[in-house]
1. Is there a residue in region 69-76 that is touching a Gly at 6+ places or on another chain (Cβ under 9 Å), hydrophobic (A, V, I, L, M, F, W, C) and under 30 Å from Ala5 (Cβ atoms)?
2. Considering only residues that are acidic (Asp, Glu) and outside any strand (DSSP E or B), which ones fall in region 18-45?
3. Taking Phe8 as the residue in question, decide whether it is among the hydrophobic types (A, V, I, L, M, F, W, C) and in contact with a Gly (Cβ under 7 Å, 6 or more places away or on another chain).
4. Would you confirm, using the coordinates I've provided, whether Ala74 is out of contact with any Ser or Thr (no Cβ under 9 Å at 6 or more places or on another chain), under 22 Å from Gln127 (Cα atoms) and not in a strand (DSSP E or B)?
5. Condition first: in contact (Cβ under 8 Å) with a residue 60 or more places away in the chain, closer than 22 Å to Gly109 by Cα and either surrounded by 15 or more Cβ atoms within 10 Å (Cβ to Cβ) or in contact with a Phe, Trp or Tyr (Cβ under 8 Å, 6 or more places away or on another chain) (or both). Now tell me which residues in region 34-64 satisfy that.
6. Hey, can you tell me all the residues within region 71-97 that are farther than 24 Å from Ala9 by Cβ, modelled with pLDDT of 95 or more and surrounded by 12 or more Cβ atoms within 10 Å (Cβ to Cβ)?
Amino acid sequence: MFKAAAAFAGLSVNDLAEAKEFYTKTLGLKLADDKMGLNFELPGGGGLFIYDKPDHQPATYTALNFVVANIDEAVDNLTAAGVRIESYDNLPAKPDAKGILRGLAAGQGPDIAWFKDPAGNILSVLQDE
């Protein structure tokens, strides 16, 4: 059986300086080092490696999820920081006025809201209880 010692996720961007600003200042992630890209520590363990790619194409799926205790507060903080909450037509229900898909009350998964990093990668905040 495969057995890994550790794991981390990776994303490409088209501007490392802009990504560094967004992930540290807007999202509050701790930058572990920036020697060969951006290595961030993720809440709860693991890491995120962000690298520059000249022909970057944004992820067309949710590449990174942030579990939060209070989704309303998280969305309010993101929008106050200038982040736009995304709206999608292919969802099982209509998001509320804040852009949050309320799955908990409907018994259909977490409450979730999507947004993009400056390179267009799709991220989310979600509350699962």
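The values are calculated or read from the model by the stated rules, or taken from the named source; none is laboratory data. On a predicted model such as this, the values are computed, not experimentally measured, just so you know. Reconstructed Cβ throughout: ideal geometry from the backbone, glycine too, with neighbour counts over all protein chains shown.
1. no
2. Glu18, Glu21, Asp34, listed by residue number.
3. So Phe8 fits the description; yes.
4. Yes: the conditions hold for Ala74.
5. Passing the criteria: Thr62, Ala63, Leu64.
6. Passing the criteria: Asp72, Glu73, Asp76, Thr79.
Listed here are the residues, each with its yes/no results for (1) at pLDDT 95 or above; (2) aromatic (Phe, Trp, Tyr); (3) touching a helix residue (DSSP H, G or I) at 6+ places or on another chain (Cβ under 6 Å).
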{"site": "Ala9", "(1), (2), (3)": "no, no, no"}
{"site": "Asn14", "(1), (2), (3)": "yes, no, no"}
{"site": "Glu21", "(1), (2), (3)": "yes, no, no"}
{"site": "Thr24", "(1), (2), (3)": "yes, no, no"}
{"site": "Leu27", "(1), (2), (3)": "yes, no, no"}
{"site": "Asp34", "(1), (2), (3)": "no, no, no"}
{"site": "Phe49", "(1), (2), (3)": "yes, yes, no"}
{"site": "His56", "(1), (2), (3)": "yes, no, no"}
{"site": "Ala63", "(1), (2), (3)": "yes, no, no"}
